[in-house]
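This report concerns only the one structure given below.
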């Protein structure tokens, strides 16, 4: 199965009443089996484990990270429309 996000992508963690996590952007650090990811926020000192279903592309995307579904970079820190 392909992952929707690649290492280096900037994502947003969907809010949940079951998890206390800061809002804002997270960076994908590692791809794990079963569409799971290790992510890190600048607001925390530790990494988090996240399911792909809990992540969305950030409005600010770090696009020099390779896309798992396309070849080549896209522009860095481009505001999504």
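Read-outs throughout are calculated quantities, based only on the coordinates presented, and are distinct from any laboratory measurement. Keep in mind the model is a prediction, meaning the values are calculated, not measured. Note that each Cβ is placed from the backbone with ideal geometry, even for glycine, and that neighbours are counted across all protein chains shown.
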Extended-chain gain in nm, criterion 0.36 nm per residue less alpha-carbon gap, residue 2 and residue 23: 4.9 nm
Relative exposure of 3, 46, judged by other C-beta atoms within 10 Å (fewest first): 46, 3
